Amino acid sequence: MTTFYDVLQYLKEFGIYIHVGKRLWDIELAALEVDNLRKSDILDVKNYATIKLILSREHAIELKNPSD
């Protein structure tokens, strides 16, 4: 897993489909969903850390270069 798309595909395995309309909002919602999966002990620590790093990177990129 290396991209935001990979994260979205992974979340679909849990029945979580994300498309709010703005890429930044999609990233933020994905982060919330990942947090909830971790709190529910559905997501292991390694995958959680990997996903959070990917989302953090994508969030920073989006703030720097908004695609709006």
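Readers should treat all values here as calculations from the given coordinates under stated rules, not as data from a laboratory. Predicted, not measured: the structure shown is a model, and the values here were computed from it. Cβ placement follows ideal geometry from the backbone for every residue including glycine, while neighbour counts extend to all protein chains displayed.
For this structure, a couple of remarks:
- About its Cα centre, segment 4-64 has a charge dipole of approximately 160 debye under the convention of +1 per Lys or Arg Cβ and -1 per Asp or Glu Cβ, with nothing else charged.
- Inter-label distance for T3 and I42, nm, one decimal - labels placed 7 Å from Cα along Cα-to-Cβ: 2.5 nm
- Here's the picture: charge each Lys and Arg Cβ at +1 and each Asp and Glu Cβ at -1 in segment 4-64, and of I27, Y17, H59 the one pushed furthest to the positive end of that dipole is H59.
- Distance (nanometres) between label positions extended 7 Å along Cα→Cβ at K22 and A49: 3.2 nm
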